[in-house]
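Asker: Just passing along the structure, written as structure tokens.
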């Protein structure tokens, strides 16, 4: 707000004609007059004794400010400066001041000749003559548009800031609500560890995870104390060197105040200093005791299931064997059946999910491994005296194809044992796999040393061939052929790799 | 192809009768004399009554006395007893196996069992 000016009284009178129009200042040497004329501050003088308080003097600065020529404005009331953007209340105040002969200092929106608007800091004062009567008004104008615009902008900016601030606070509040809900629902504790000071801030759920009340003091030493003695050193180390693996994550056993054992998982983001050194850990904690227990139970169940499947094969084998005891004629068939079942059982053990089988067994996903598994009973595959040698390109074999392949290999091996290389001293079987475009060929070559008499029996023209045909052609959509070489029987199989991988 | 062995007597122990009888039949066909027991307790009483038993073929996972315990007990009575253990579960560690003991994992092929018995009897 501009200050109220003191009343101005020119040292030399202004000269006016008889009808009141301004004639000039008293003498051009009058320093005051010269000052008023020359100043860059727009100044005007009005004569309230004339009708409508007209302008009797305007300086050049005024004309520059308002855009009017002197001739245009002299004799007029300066309300021409007002316009649609002028605040009526302000205008009234100015009018009142004039009416009552009072000084006024006020900012008013005025219009230039070209219509443009500016903020005018008007400082008007009455001038009295020697008798004390009102003789003139003298006023200065000042374009304060920039100042007031800036003020307006500042206020608007403040308002915006206030709104933005409120909005962000709300957003943060909402976010915190969601976090509380999520962690609450998930029973996640929140924690914050200052690595420099060792100070630990922990939520109530965090304390609950540890079986403590929210009112109890809970710092890092208390936490470490709660850790099971088996895990304590590991946990202490982890907090000492938190960024060994990037993110901070650790699981450990705790002993609750009631001596119950629990499992806690703590995870955190690492806040670092400018030098990269870890300063703070901010994270969540979770009681994973239930989950671990459930996992363990699931594991146990799966292992039990796998064992029962294995057992089933043993039981079926037993039933067949027993049944055959009673019927001598059925014995050869029963034996053949049991051999095939045996091969299937071995293959089955290897298509159970990896987490189910014991640590010593691995699920083979490739033909080479499956062949090893299936042929192991027919001779130690790794010793120098091995009788079965498997080599060549490896291809993936899926679960569906595993069963069929088990039957096929079983058949070939049994025949080799009964009539072929595996039944002759010194005889060997070489199995070679070769990729051929989209296909893979499996060559089963039997070698019987020349010194031994070879029984050129056609292996199982009956049931064996039917089974082979079924498994190779109908199940795996492959092809097979047989030939007698100089050293023994050779069976050739061909499959599409895609089919085997199913 | 059964070889006639000089009538070695094997004590076959398994709590699952079907499995046990299959093993017993297989070994009988190979020429051995077989005695079958349901569990460790029965096995020990057969042992006392039949001094000619020279080989023990027992399952490991049995309720009550397991195969390890049975083997250990028999060895205290008959230090030179040949011991062959079998199981469908994990392979036993070296520490778990009795001295000079053999192990065959289930399921096994009959010829594998016969070969192992021949090896153990030797």
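Asker: Going by what's in this entry, would residue A:207 be described as out of contact with any strand residue (DSSP E or B) (no Cβ under 6 Å at 6 or more places or on another chain), assigned to a helix (DSSP H, G or I) and more than 28 Å from residue A:226 (Cβ to Cβ)? Can you show your working first?
Answerer: Working: out of contact with any strand residue (DSSP E or B) (no Cβ under 6 Å at 6 or more places or on another chain): yes; assigned to a helix (DSSP H, G or I): yes; more than 28 Å from residue A:226 (Cβ to Cβ): no.
No; evaluated as a whole, the condition is false for this residue.
Asker: Name the pairs: first residue in the stretch B:93-113 and more than 8 Å from every other protein chain (Cβ to nearest Cβ), second residue surrounded by fewer than 18 Cβ atoms within 10 Å (Cβ to Cβ) and part of a loop (DSSP other than H, G, I, E, B), Cβ to Cβ under 8 Å, at least 6 apart or on different chains?
Answerer: Going by the 8 Å Cβ cut-off, the qualifying pairs are B:103/B:91; B:103/B:92; B:103/B:97; B:105/B:91.
Asker: Also: If you check A:210, A:181, A:218, which single one turns out to be under 30 Å from residue A:258 (Cβ atoms) and outside the structural domain of residue A:254 (by TED's automatic domain parsing)? Break it down stepwise before answering.
Answerer: Numbers: A:210 fails: outside the structural domain of residue A:254 (by TED's automatic domain parsing); A:218 fails: outside the structural domain of residue A:254 (by TED's automatic domain parsing).
Answer to the selection: A:181.
Asker: Got a number for residues in the stretch A:210-241 being surrounded by 19 or more Cβ atoms within 10 Å (Cβ to Cβ), assigned to a loop (DSSP other than H, G, I, E, B) and out of contact with any helix residue (DSSP H, G or I) (no Cβ under 6 Å at 6 or more places or on another chain)?
Answerer: Going through the stretch A:210-241 one residue at a time, the tally reaches 1.
Asker: How many of the residues making up the stretch B:1-18 are crowded, with 16+ Cβ neighbours inside 10 Å, at pLDDT below 90 and touching a helix residue (DSSP H, G or I) at 6+ places or on another chain (Cβ under 6 Å)?
Answerer: 1
Asker: Say whether the condition of being at pLDDT 95 or above, farther than 23 Å from residue A:328 by Cβ and within 14 Å of chain A (Cβ to nearest Cβ) is met by at least one residue in the stretch B:37-52.
Answerer: No, every residue in the stretch B:37-52 fails to be at pLDDT 95 or above, farther than 23 Å from residue A:328 by Cβ and within 14 Å of chain A (Cβ to nearest Cβ).
Asker: Which fully enclosed helices (runs of 4 or more DSSP H) of the stretch A:55-125 have 3 or more residues being in contact (Cβ under 8 Å) with a residue 40 or more places away in the chain? I'd like the intermediate steps shown before the answer.
Answerer: Values: elements: A:60-66, A:70-73, A:88-100.
In the stretch A:55-125, A:60-66 are the helices (runs of 4 or more DSSP H) which contain 3 or more residues that are in contact (Cβ under 8 Å) with a residue 40 or more places away in the chain.
Quick grid of which residues meet (1) crowded, with 18+ Cβ neighbours inside 10 Å; (2) modelled with pLDDT under 75:
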residue: A:350; (1), (2): yes, yes
residue: A:373; (1), (2): yes, no
residue: A:382; (1), (2): no, yes
residue: A:387; (1), (2): yes, no
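Asker: What strands (runs of 3 or more DSSP E), lying completely within the stretch A:12-52, carry at least 1 residues that are modelled with pLDDT of 90 or more? Walk me through how you get there before you give the answer.
Answerer: On the way: elements: A:14-16, A:22-25, A:43-46.
It comes to A:43-46.
Asker: Moving on to the next point. Which of the following residues is outside any strand (DSSP E or B), touching a residue at least 40 places away in the same chain (Cβ under 8 Å) and surrounded by 15 or more Cβ atoms within 10 Å (Cβ to Cβ): A:268, A:306?
Answerer: Within the list A:268, A:306, the selection yields A:306.
Asker: Let me ask something else about it. Could you say which residue among A:313, A:333, A:342 is under 22 Å from residue A:466 (Cα atoms), assigned to a helix (DSSP H, G or I), at pLDDT 85 or above and within 7 Å of chain B (Cβ to nearest Cβ)?
Answerer: A:342 is the lone residue from the list that is under 22 Å from residue A:466 (Cα atoms), assigned to a helix (DSSP H, G or I), at pLDDT 85 or above and within 7 Å of chain B (Cβ to nearest Cβ).
The values are calculated or read from the model by the stated rules, or taken from the named source; none is laboratory data. Just so we're clear, the structure is a prediction, and the values are computed from it rather than from any experiment. In this analysis, Cβ positions are derived from the backbone assuming ideal geometry, glycine residues included, and neighbour counts consider all displayed protein chains.
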